[in-house]
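Some notes on the structure that comes next.
The values are calculated or read from the model by the stated rules, or taken from the named source; none is laboratory data. Quick caveat: nothing in here was measured; it's all calculated off a predicted structure. Note that each Cβ is placed from the backbone with ideal geometry, even for glycine, and that neighbours are counted across all protein chains shown. Side chains included, ligands, DNA and RNA excluded: accessible areas come from the protein's heavy atoms. Shrake-Rupley method; radii C 1.70, N 1.55, O 1.52, S 1.80 Å.
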Amino acid sequence: MIRVLLAEDHGVVRGALVALLNLTGDIKVVGEAARGNRVVSQALATRPDVAVIDIEMPGLDGIGATMRLRSALPECRVLILTGMAQTGHLRRALDAGASGFMLKDAPTERLAESIRRVAAGEQAIDSGLAAAAVSSRVSPLTEREAAVLSAVASGASTAEIAGQLCLSAATVRNYISAVITKAGARNRTDAVRIAAESGWI
């Protein structure tokens, strides 16, 4: 029996998935979490073989929850669910330690099979997303440019970013200008969108 922790913030969706997975015969949902920051505590309490985690969660997103879970309970493998087909999310999920990544609208049978594969030590990745990720370009941003853009994405002002990264405001503006050019973006907001979708930040 494969023991599963299901982390999904929408109660109706979570309930339906629990019921369907428990009907498979070889998968049992032993724990549930409605918030990303509850994943680790639930996993430590229930000791699942696989955690199925929604990428969009309150409290802590699925990527952050995966990183914490892999650190706290490395024997528990992770399958990320997403409603958005973005290659950047796939790259970030794999970097965080996930073994599987699939779209929420996939049939339940495919979810069950992916759980089995992940539990067996294999990877289970949506084939369309995997192909897109392979063909997408590598980040053109330097480490410092990525740090500046991440701060922009969090809503920090130029002055706040300068303080956080020990830079002058003029230098921060130069980094932002360089990022916009490299990303082929219209402005800083567009650069954040492009970078996030591409997995650069």
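Quick notes on this structure:
- Projecting the Cα atoms of A19, V179, Q123 onto the charge dipole of the chain (Cβ charges, centred on the Cα centre) puts V179 farthest toward the positive pole.
- Taking amide hydrogens as placed 1.01 Å from N in the peptide plane, the amide H of A124 sits under 5 Å from those of G100, F101, each at least 5 positions away in sequence or on another chain.
- The fraction of accessible area contributed by carbon and sulfur in the chain is 52 percent, rounded to a whole number (1.4 Å probe; ligands and nucleic acids excluded).
- Accessible solvent surface per residue of segment 35-193, calculated while the other protein chains remain in place, 1.4 angstrom probe, Å²: 48
- The residues packed around L90, meaning those with a beta-carbon under 12 Å from its beta-carbon, carry a net charge of -1 if Lys and Arg are +1 and Asp and Glu are -1.
- Each Lys and Arg adds +1 at its Cβ and each Asp and Glu adds -1 at its Cβ; summed about the Cα centre, the chain shows a dipole of about 320 debye.
- Of the options [x] -1.20; [y] -1.41; [z] -1.64, only one is log10 I(q)/I(0) by the Debye sum over Cα atoms at q = 0.19 Å⁻¹ as computed from these coordinates, and that is [x].
- The alpha-carbon positions of segment 57-118 define a convex hull whose volume is 82 Å³ per residue.
- Theoretical gain in end-to-end length, R144 to S177 [0.36 nm per residue, Cα-Cα removed]: 10.6 nm
- C-alpha center-to-center spacing [segment 10-51, segment 156-201] in angstrom: 38
- Separation of the A45 and D95 label points, Cα + 7 Å toward Cβ, nm: 3.2
- Listed values for segment 89-101 are Karplus-derived 3J(HN,Hα) couplings in whole Hz (6.51 cos²θ - 1.76 cosθ + 1.60, θ = phi - 60°), namely 5, 4, 4, 5, 5, 5, 5, 7, x, 5, 9, x, 7, and x replaces Gly and Pro.
- A Förster distance of 22 Å, applied to the separation of the beta-carbon atoms of D105 and D9, puts the FRET efficiency at 0.85.
- Point-to-point label distance, S71-A169, nm (Cα→Cβ direction, 7 Å offset): 3.4
- Interchain or long-range residues, amide H under 5 Å from A33's placed H: L6, A7, E8
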